[in-house]
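Here is the structure we will look at.
The values are calculated or read from the model by the stated rules, or taken from the named source; none is laboratory data. Worth saying up front: this structure is predicted, and the values here are computed from it rather than measured. Glycine also receives a Cβ, built like all others from the backbone with ideal geometry; neighbour counts cover every protein chain displayed.
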Amino acid sequence: MAQNNTHRIPGRAQLPTQHAQRAARGLGGAAILGGVVLGTAFTGGAAQAAPAAPVASAPVAQAAPAAPVATAPAAVLDSTQKLRWGSRGGAVKDLQSALNDRGANISVDGVFGPRTHSAVKSYQSSKGLQVDGIVGSKTRGALNGGGASGGASAPASSPSSSSSSSIVNAARSAVGTPYSWGGSSLSGMDCSGLVNYAYRSAGISIPRTSSQIANAGTWISQSSAQPGDIVVWSGHVAIYAGNGQIIDASGSKRVVTERAIWGNPIGFVTYR
């Protein structure tokens, strides 16, 4: 009698490959071979491209900052004239502004008075210059940054030979003028009025009174004095004419006269 095979299951026999096909359909079309999932490249699907590597962008070159253009400092004092107590005008305003830029605190009014004179002396002291309160070539050069402005300047003298002659000649022209307190003209003059008259004739401004004249100038020895310098007594001033002679408006003689140095003068003052 034939025996039944109890290991068979009724129905159509199933091959192993059919199980694999069903598995493939269960994975959305991907086939599993040896535990590796094969993509649709093996099943006829479209292959996906790998993501592109990021492209490095070149840095944008930045323009270098423009170098500053060097400019020569402008001279603060353009005038070559000496400025001293009594000077006036635009050159004095420039001087006052320059002194304020360097720490002074004075009015810019164009009048070289006591405060400007003091500020000049303080500046000269700070720069190691001769402290005389007069703005000549060296002080002007320091204010202008080290060089004298307006071209080469003549070396300082007491005063220049032409000015000295002009001062003495103007003083001599006043000999015989009557003494008049407070006067400064040929109709009448006192001692400081005569000195102002002589210096004004030479184009030089100086203070008005005898004490101001003495304080604003530079004190020198008699051996250094030149014609046109000033001889000072207490309360009196005169023009030095050279060779021990002076020209002064004498209060005792009541007239302008030329004579030898008298008494004991305090000293000599120059406006260099």
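Can you find, within the range 113-131, the residue that is surrounded by the fewest Cβ atoms within 10 Å (Cβ to Cβ) among those that are without any contact (Cβ under 8 Å) to a residue 40 or more places away in the chain and not in a helix (DSSP H, G or I)?
The qualifying residue surrounded by the fewest Cβ atoms within 10 Å (Cβ to Cβ) is G128.
Here is a yes/no grid of residues against (1) surrounded by fewer than 17 Cβ atoms within 10 Å (Cβ to Cβ); (2) at pLDDT 95 or above; (3) of a type outside the set (D, E):
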position	(1), (2), (3)
D101	yes, no, no
G133	no, no, yes
N144	no, no, yes
G147	yes, no, yes
V175	yes, yes, yes
S187	yes, yes, yes
C191	no, yes, yes
Here the residues within the range 186-203 that are under 43 Å from the mean Cα position of the chain (by Cα) and not in a helix (DSSP H, G or I) are A202, G203
Pairs under 8 Å by beta carbon, first residue touching a residue at least 12 places away in the same chain (Cβ under 8 Å) and within 17 Å of S221 (Cβ to Cβ) in the range 236-251, partner surrounded by fewer than 19 Cβ atoms within 10 Å (Cβ to Cβ) and of a type in the set (V, I, T), six or more apart or different chains?
G244/I261; I246/I261
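Name the residues in the range 252-261 that are surrounded by 13 or more Cβ atoms within 10 Å (Cβ to Cβ) and without any contact (Cβ under 8 Å) to a residue 60 or more places away in the chain, would you? Steps first, answer last, please.
Quick first cut of the range 252-261, residues surrounded by 13 or more Cβ atoms within 10 Å (Cβ to Cβ) only: 255-259, 261.
Result: R259, I261.
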Between residues in the range 210-227 that are within 16 Å of L83 (Cα to Cα) and at pLDDT 90 or above and residues that are of a type in the set (A, V, I, L, M) and in a helix (DSSP H, G or I), which pairs lie under 8 Å by C-beta distance while being six or more apart or on different chains?
I213/V195
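Answer yes or no as to whether I230 is closer than 27 Å to G89 by Cα, modelled with pLDDT under 95, among the aliphatic types (A, V, I, L, M) and surrounded by 13 or more Cβ atoms within 10 Å (Cβ to Cβ).
Details: closer than 27 Å to G89 by Cα: yes; modelled with pLDDT under 95: no; among the aliphatic types (A, V, I, L, M): yes; surrounded by 13 or more Cβ atoms within 10 Å (Cβ to Cβ): yes.
No; evaluated as a whole, the condition is false for this residue.
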